[in-house]
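K.L.:
One structure follows; several queries about it will come next.
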Number of protein chains: 2
Amino acid sequence: MRSEAFYSYLDECRTLVVSELQNMLPRSGAAAQTLYELMYEYPLRDAKALRPALCIATCRALGGALESALPSAVVLELYHNAFLIHDDIEDGSEVRRGGPTLHRMYGAPIALNVADAMLAVALEPLLANTELLCVAKALHILQVVARMARESAEGQAQELAWIRQADWSQRDLDYVRMAHKKTTHYSFLAPMAIGAIVAGAPHSLRYRMTLLATALGAAFQIRDDTLNLEANAAAYDKDLAGDIWEGKRTLALLHALRCATPSDRERALAILRKPRPTSAEAAPDATARLLAELVRSGDLSETGAATLREHWTVAGAAKTREDVDFLLQLIQRSGSIEYARAIGRRYAARAKHAAERLWSGLSDSVHKRFLFQLTEFVVEREH
Amino acid sequence: MRSEAFYSYLDECRTLVVSELQNMLPRSGAAAQTLYELMYEYPLRDAKALRPALCIATCRALGGALESALPSAVVLELYHNAFLIHDDIEDGSEVRRGGPTLHRMYGAPIALNVADAMLAVALEPLLANTELLCVAKALHILQVVARMARESAEGQAQELAWIRQADWSQRDLDYVRMAHKKTTHYSFLAPMAIGAIVAGAPHSLRYRMTLLATALGAAFQIRDDTLNLEANAAAYDKDLAGDIWEGKRTLALLHALRCATPSDRERALAILRKPRPTSAEAAPDATARLLAELVRSGDLSETGAATLREHWTVAGAAKTREDVDFLLQLIQRSGSIEYARAIGRRYAARAKHAAERLWSGLSDSVHKRFLFQLTEFVVEREH
């Protein structure tokens with residue numbers, strides 16, 4: 001793929017979105033320091049800003065103006081970043097986009113409040129759209145955003161319920177439906193729908209656009225999952241291996257569980273029932289060193305040290321590296337990553353077909369080309 | 001005060017709001033169980049639903065219809081409950097309205113997602129207002145809600161920044177301004193403004209309404225703080241004593257710090273720098289018992305046990321009951337609760353005056369009476 005043009009398009013959109021956000025937020029006053037500056041933390045890191053770019057490209061490919069789409073594109077990035085902050089807190093993640101997560105930098109209360117503020121601030125450009133566009137378009141966009149927020153929460157609720165109930169009985173389609181709600185709505189459906197509304201595109205485009213966004217979203221999420229597993233297999237890094245540590249459902253893991261022998265499956269399910277270790281459990285070095293010292297000084301017997309070590313492990317009972325290793329081997333042995341990638345490629349082919357039917361009639365432009373490149377990116381990306 | 005009429009008015013409004021919410025949310029399907037049922041958890045407990053009642057009473061006292069205000073009143077309750085869920089997670093609270101907090105029942109990830117869903121669902125009645133009322137009123141209400149959400153986040157950011165920076169240099173006015181943003185906007189200003197917009201009240205009411213809401217909000221928050229301290233002094237219960245355990249700024253604590261001798265002040269500030277204990281630290285009994293057993297069996301020396309106990313305490317270093325006790329005595333010795341209550345009464349008197357000027361011209365109704373009773377309730381309430 002002509003990746004250079006694709007990435008420079010993404011880059012340009014990201015610059016525009018960040019500077020529009022800076023124009024929207026106060027730069028002085030108490031709240032600038034305690035609140036608004038923290039909103040730039042994630043957007044200014046190495047982010048793709050895929051969602052605003054998709055919104056802008058759709059709008060412009062359909063003949064709309066950049067200035068008309070930009071405020072709504074910022075809203076999409078604000079929602080995305082608020083979701084990231086919440087996800088990081090929920091998953092206990094430590095790294096995001098190459099830096100520490102916001103709750104690790106400032107604590108969960110401040111991070112949560114920054115996400116709340118992002119959702120609050122997002123309402124303002126949506127209301128200003130009544131003057132920038134017109135009342136009908138502004139209300140239509142607000143409806144799309146409301147639907148998007150609700151679908152995301154429903155998808156997230158489904159995934160969290162499976163985790164909580166230790167339920168691993170999902171078929172592939174259950175997973176794809178969950179991902180459609182959780183990811184596709186706010187990553188593909190809403191950005192494209194908003195771009196089309198801003199451009200004043202005919203309503204008849206709507207059905208084909210939904211087909212494209214649905215296929216793109218599934219391909220994107222499946223690629224996301226397999227990338228996470230591949231990175232993990234190479235590095236065994238807790239923050240790269242998030243999905244396995246967190247016990248998230250993926251096509252590969254569901255496939256591996258179906259293919260496993262009864263005893264392997266039983267062991268895998270027992271591992272998956274354990275929680276992810278907390279930071280304290282992941283780094284018990286200080287305590288371990290102290291116990292060793294007490295044994296050396298004769299203040300603690302070997303038996304006593306073993307009892308104390310067991311006490312801590314039992315208190316934790318979280319997944320260990322060996323556990324995750326076992327699951328990864330199960331996945332590799334049954335070719336489950338290849339299985340998931342093949343399904344991802346099927347959705348990508350569907351997306352390519354839908355994109356052809358949707359966009360090929362448009363006159364050539366960088367925006368149209370970006371929309372085609374996006375489909376290729378979604379399957380082939382390495383990050 | 002004629003509290004019976006006041007409470008039955010609140011009760012009626014609460015019943016209306018809960019049943020309107022039930023009409024809005026799906027009752028079947030996967031998301032009903034995993035998500036929507038959890039939204040009723042807090043509203044169905046022993047809640048006052050003060051904010052929707054204030055919105056409805058303002059609208060009806062000004063001649064508006066109940067049906068026109070009800071959907072917006074539900075929105076206020078949804079925002080309030082989303083804030084409560086976030087606050088409970090941020091503060092590590094264990095009890096809310098007589099039951100376990102949502103994150104204790106379902107874990108923080110699910111609780112966070114329920115709050116997100118509440119904010120998402122709240123957009124829908126606000127958009128349906130375009131048909132129920134008219135586009136201009138619906139947009140005006142949306143603007144009030146956007147402002148309210150942003151002010152709340154700014155107020156919360158201010159309070160969290162003080163906590164994080166261990167800054168106790170606030171004057172009374174700093175505290176009152178923070179509370180105005182954090183509490184008054186969504187509890188008094190927005191409910192009254194929305195009620196007035198729905199009723200089509202003249203814009204000229206706006207200034208006096210702001211005066212009333214501002215005074216009411218300050219009186220309400222100060223009463224909230226002193227109730228928390230009084231409950232605490234009686235019961236020393238961690239969940240009642242939240243404000244001191246969490247290190248929240250209150251007029252009483254700021255006053256006590258100003259009145260304290262240099263050495264008491266220093267000790268108080270050292271205590272206030274310590275975090276609230278987590279559940280694990282609050283119940284270290286199992287570990288303590290284990291250490292005692294190991295000493296008895298001869299596997300651990302007394303010195304070793306002392307070292308391990310210190311290791312845990314240093315790792316935790318959270319506030320203890322003795323710490324909180326010291327702060328409470330400081331507050332009691334300097335008459336700080338009485339000091340705060342006196343300031344609260346001054347705001348309440350201002351609110352009474354503002355309510356007279358604002359409402360006394362209206363013809364008599366249960367709604368008008370409720371608005372007057374609210375002022376009395378705010379200062380005299382015992383819960």
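The values are calculated or read from the model by the stated rules, or taken from the named source; none is laboratory data. Remember, predicted model here, so these are calculated numbers, not experimental data. Positions of Cβ are backbone-derived with ideal geometry, glycine not excepted, and every protein chain shown enters the neighbour counts. Remember, those area values only see protein heavy atoms, side chains included, never the ligands or the DNA or RNA. Shrake-Rupley method; radii C 1.70, N 1.55, O 1.52, S 1.80 Å.
K.L.:
Would you mind telling me which residue in B:ASN81, B:ASN23, B:ASN228 has the biggest mean-square fluctuation in a Gaussian network model of chain B, where springs connect alpha carbons within a distance under 10 angstrom?
P.N.:
So, out of B:ASN81, B:ASN23, B:ASN228, the one fluctuating most is B:ASN23.
K.L.:
Oh, and also: Once you have the Kirkwood Rh of chain B from its Cα pairs, apply Stokes-Einstein at 10 °C and 1.306 mPa s and quote D in µm²/s.
P.N.:
Estimated diffusion coefficient is 70 µm²/s.
K.L.:
Considering only the label points, 7 Å along Cα→Cβ from Cα, what distances in nm to one decimal separate A:SER297 from the same position in each other copy, shortest first?
P.N.:
Ordered by distance, the counterparts are at 2.2 nm.
K.L.:
Computed on protein heavy atoms with a 1.4 Å probe, what is the summed buried accessible area for the chain pair A and B, in Å² to the nearest 100?
P.N.:
About 4900 Å² of accessible surface is lost on pairing.
K.L.:
Kirkwood Rh and Cα-based Rg: tell me the resulting Rg over Rh for the protein assembly as shown, rounded to two decimals.
P.N.:
The Rg/Rh ratio comes out at 0.99.
K.L.:
What is the distance, in nm, between label points placed 7 Å from the Cα along the Cα-to-Cβ direction at B:ARG345 and at A:ALA166?
P.N.:
The two pseudo-label positions are separated by 5.9 nm.
K.L.:
Return the chain B residue and its Cβ-to-axis distance, rounded to the nearest Å, for the rotation relating B to A.
P.N.:
Closest to the axis: B:LEU300, 2.
K.L.:
So for the stretch B:12-123, what percent of the C-alpha to C-alpha distances run longer than 22 Å? Numbers along the way, then the final one.
P.N.:
On the way: 1968 of 6216 pairs.
Considering the stretch B:12-123, 32 percent of its Cα-Cα pairs are separated by more than 22 Å.
K.L.:
Shape call for the stretch A:104-193 from the C-alpha gyration tensor, a ≥ b ≥ c root eigenvalues: rounded (a/c under 1.5), prolate (a/b greater than b/c) or oblate?
P.N.:
oblate
K.L.:
Under a plain spin-label model, where a point goes 7 Å from the Cα along Cα-to-Cβ, how far apart in nm are B:SER8 and A:SER263?
P.N.:
7.3
K.L.:
Can you give the calculated 222 nm mean residue ellipticity of chain A, where each DSSP H run of n ≥ 4 adds -39,500 (n - 2.57) and the sum is split over every residue, rounded to the nearest 500 deg cm²/dmol?
P.N.:
On the way: 18 runs with 277 residues, N = 383.
The per-residue figure over chain A is -24000 deg cm²/dmol.
K.L.:
Under 10 Å, Cα contacts only: if you run a Gaussian network model on chain B, which one of B:ALA190, B:ALA179, B:ALA201 comes out with the highest mean-square fluctuation?
P.N.:
Result for chain B, Cα springs under 10 Å: B:ALA201 fluctuates most.
K.L.:
Which residue, B:ALA111, B:ALA355, B:ALA260, tops the fluctuation ranking in a GNM of chain B built on C-alpha contacts under 10 Å?
P.N.:
B:ALA260
K.L.:
Sticking with this structure for a sec: Shortest first, in nm, what separates the label point of A:MET105 from those of the same position in the other copies (7 Å along Cα→Cβ)?
P.N.:
Those label-point separations list as 3.5 nm.
K.L.:
How many Lys pairs in chain B lie less than 26 angstrom apart by Cα atoms, where the lysines are 8 or more positions apart or on different chains?
P.N.:
Taking the Cα cut-off of 26 Å, the pair count is 23.
K.L.:
Could you work out how far apart the two model spin labels at B:ALA270 and B:LEU66 are, taking each label as a point 7 Å from the Cα in the direction of the beta carbon, and quote it in nm?
P.N.:
6.0
K.L.:
If you put a point 7 Å past Cα along the Cβ direction, how far is that point for A:GLU12 from the same point in each other copy, in nm, smallest first?
P.N.:
6.2
K.L.:
To the nearest 10 degrees, how steeply does helix B:206-235 sit against the main Cα axis of chain B, on a 0 to 90 scale?
P.N.:
It is inclined by approximately 30 degrees.
K.L.:
Carbon and sulfur together cover what percent of the accessible area of chain A at a 1.4 Å probe radius?
P.N.:
On chain A, the fraction of accessible area on carbon and sulfur atoms equals 52 percent.
K.L.:
At what distance in angstrom do the alpha carbon centres of the stretch A:315-383 and the stretch A:39-63 lie from each other?
P.N.:
So the separation of the two Cα centres works out to 20 Å.
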